[in-house]
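Asks: The structure that follows is given in the form of structure tokens.
FYI, it's all coordinate maths here, none of it is from the lab. A quick note: this is a predicted structure, and the numbers were derived from the prediction, not measured. Using ideal geometry, Cβ is built from the backbone for each residue, glycine included, and neighbour counts are taken over all protein chains shown.
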Amino acid sequence: MYRLTALVTCLAVLTYFFSSVQVARARRTYGIKAPAISGNPDFERVFRGQMNTLEWMPIFLPALWLFAIHVSDAVAAALGLVWIIGRILYMTGYAKAANKRRTGFAIQASAAIILWAGATGAILWHLVHP
């Protein structure tokens, strides 16, 4: 059973939902009517925070689950939490200023890369050593 990874998956989806709520609030605050996605730089940064999170989820989620299955549920969950923390730092930093997104981006990208590399390495190991 991969209960820890399942819980982190739910938290990652909640993080994305949170980013969607932030975009809805920013639309009201800055008067950006759907379907527009530009017109105010403060809104655009919030919107890009959400979109970048969406862009990373297809990288993160398979790597998270493959790592959990082939390496460790607990370690995958811990790295998944690091990814979520990085995403939150990214989104909150980016909402303030574009140059404040770097730390969060580096944290989440590192977690995703470790998950992917660990899963890939474990799968290759098991292919060579059945």
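Asks: Working from Cα positions, state the angle (0 to 90°, nearest 10) between the long axis of helix 73-96 and the longest principal axis of the chain.
Replies: 20
Asks: If packing is taken as the mean number of other Cβ atoms within 10 Å per residue, what is the order of 19-28, 62-71, highest first? If you can, show how the numbers build up before the last one.
Replies: Details: 19-28: 15.2, 62-71: 20.2.
Descending mean neighbour count gives 62-71, 19-28.
Asks: Just going by the charge dipole of the range 3-128, with Lys and Arg at +1 and Asp and Glu at -1 on Cβ, which of MET91, LEU115, ILE59 is farthest out on the positive end?
Replies: Of the listed residues, the answer is MET91.
Asks: Under a point-charge model restricted to the Cβ atoms of Lys and Arg (+1) and Asp and Glu (-1), what is the dipole moment magnitude of the chain relative to its Cα centre, in debye to the nearest 20?
Replies: Working: 12 positive and 4 negative charges, 122 e Å.
Charge dipole, the chain, about its Cα centre: 580 debye, nearest 20.
Asks: Along the charge dipole of the range 3-128, which of PHE17, ILE32, ALA78 sits closest to the positive end, that is, farthest toward it, with unit charges on the beta carbon of Lys, Arg, Asp and Glu (+1, +1, -1, -1)?
Replies: Of PHE17, ILE32, ALA78, it is ILE32.
Asks: Could you give each residue of the range 2-7 its phi-based ³J(HN,Hα) in whole Hz, using Karplus coefficients 6.51, -1.76, 1.60 with θ = phi - 60°, and x for Gly or Pro?
Replies: 10, 5, 5, 5, 4, 5
Asks: Using the Karplus curve 6.51 cos²θ - 1.76 cosθ + 1.60 with θ = phi - 60°, work out ³J(HN,Hα) for each residue of the range 19-25 in order, rounded to whole Hz, and write x for Gly and Pro.
Replies: Per-residue couplings from phi come out as 5, 5, 5, 4, 5, 4, 5 Hz.
Asks: Largest first and to the nearest Å, give the Cα extent of the range 1-72 along each principal axis.
Replies: Projected onto the principal axes, the Cα atoms of the range 1-72 cover 47, 17, 17 Å.
Asks: A further question follows. If you fit an axis through the alpha-carbon atoms of helix 102-128 and take the longest principal axis of the Cα set of the chain, what angle between them do you get, 0 to 90°, nearest 10?
Replies: Between the helix axis and the principal axis of the chain, the angle is about 30 degrees.
Asks: Let me ask another. With Rg and the Kirkwood Rh both taken from Cα atoms, where does Rg over Rh land for the range 3-128? Walk me through the numbers on the way to the answer.
Replies: Numbers: Rg = 16.2 Å, Rh = 15.1 Å.
Radius of gyration relative to Kirkwood radius: 1.07.
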